[in-house]
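**Student:** Dropping the structure in here first, questions after.
The values are calculated or read from the model by the stated rules, or taken from the named source; none is laboratory data. Nothing here was measured: the structure is a model prediction, and the numbers come from that model. We place every Cβ from the backbone using ideal geometry, glycine too, and count neighbours over all the protein chains shown. Accessible surface areas use protein heavy atoms only, side chains included; no ligands, DNA or RNA. Shrake-Rupley method; radii C 1.70, N 1.55, O 1.52, S 1.80 Å.
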Amino acid sequence: MKTYRVAQVGLGPRGRTHVDGFTHNADRFELAAVCDLDEGRLRQAVSEYGIAKAYTDADRMLAEIQPDVFCFVTQPHVRLSMVELCVRHGIQALAFEKPMATSLREAWAIADLCQRHGIKAIV
């Protein structure tokens, strides 16, 4: 069974739920790195879960980690920019929370980017 290398942005309450899911399924997922703008939350997650790499810059994290899966648990207004990062770094799978976008136009832009670049997405 393949193990997928994961990088995650967002360590608030919902983000920690995703971290729990990845770490409790270590036979399928390697949580290689996490990112959050709140350095206190970042330090706490690294300490609690033993995550090897921590970042405050998602672009830098993706460039260095090159994950199979990019999970972002962010506010809806930054979802499109997270998908654009996914495209820029050639990531082929992403997972994110609902709502998918803040408008129908933005949702279509996300869907179009995923389709054009062969990205599998789960919301």
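**Student:** Per the 1.4 Å probe, what fraction of the accessible area of the range 79-123, in percent, lies on carbon and sulfur atoms?
**Tutor:** The nonpolar share, carbon plus sulfur, comes to 59 percent.
**Student:** In debye, nearest 20, what is the charge dipole magnitude of the chain about its Cα centre with +1 on Lys and Arg Cβ and -1 on Asp and Glu Cβ, if you could check?
**Tutor:** For this selection, approximately 260 debye.
**Student:** Relative contact order for the range 73-123 using alpha-carbon pairs under 8 Å, separation at least 6, rounded to a whole percent?
**Tutor:** It rounds to 46 percent for the range 73-123.
**Student:** Hey, what's the chain come to in accessible area per residue, 1.4 Å probe, Å²?
**Tutor:** It amounts to 56 Å² per residue over the chain.
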